[in-house]
Structures are given as structure tokens and as C-alpha cells.
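Have a look at the structure below before the remarks.
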Amino acid sequence: MRRLFASGAVVIALASLSICPAAAGDDDHDRARAALERGEVLPLRTILDKVGRDYPGKVVEVELERERGRWIYEIRLLRGGGALVRLDVDARDGTVIGVKSSENRNGRP
């Protein structure tokens, strides 16, 4: 029960970060919130639902950044076996545009 509550708290915390980059200033936060309100980015829950179908795992970090004129969600997942995966996702439509994976300490993917 405690683990379920902790997981729920993490999801709520990440949802609140869905409109701002991690450790960003107020200007970045305001720009990201405005992009969400204008419909330029999808809400984090929508992105996670879409991405989770092809990339199951525990979300450990999410950032929303503006890169080369478009909004990108950077999502870090902990997958089975300990692999850490970073997904770059187009925040406008949820398309995965980049995947980087690291192996766990045992050398297994």
C-alpha cells in the first residue's frame, strides 16, 4: 500500500512538472504553461499513456524543453532489468523522435 501511495505521489508530482522544464526559471515555466494553454503541447498524462504502450517502465524524470523551434518532452524510464531509457518525444503529437538506452550494472540491456 505504501509503495502504491508513493508511486501515485510521483505521478502527481510529474504531472505538475508536465508544463515546465525541471529546475527552470519562472519565464520558462510561464512559456511552457502558455504553450499548453494554446494547444502547442499535449498534457503529460496523454504523452505517458501513448508512450507507455511501446515503452513500458517506471517514469523517473520528465522535462519539457524548447529545442529548435519545437517543444520536446524528455522522459527517463527505468525498465525491467535495470535499463535506463531516455525518450525524446514531440510534445505536439506524442511521436517518439529519439531513444537512448543505457545498460544496467550487470551488462544486460
| message | Could you derive backbone 3J(HN,Hα) for the range 64-75 from the dihedral phi with the Karplus parameters 6.51, -1.76 and 1.60 (θ = phi - 60°), listing whole Hz in sequence and x where the residue is Gly or Pro? | response | 10, 10, 9, 10, 6, x, 9, 7, 10, 8, 9, 10
| Which distance in nm do the two modelled labels at Glu37 and Arg79 give, with both placed 7 Å along the Cα-to-Cβ direction? | 3.8 nm
| Computed lengthening from Asp30 to Glu63, 0.36 nm per intervening residue step minus Cα-Cα distance | 10.4 nm
| said: Sort 53-59, 32-38 by packing, meaning the average of other beta carbons within 10 Å per residue, with the highest value first. | reply: 32-38, 53-59
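Values quoted throughout were computed directly from the atomic coordinates according to the rules given, and no laboratory measurement underlies them. These numbers come from a predicted model, not from an experiment. Cβ atoms come from the backbone with ideal geometry, glycine included; neighbour counts cover every protein chain shown.
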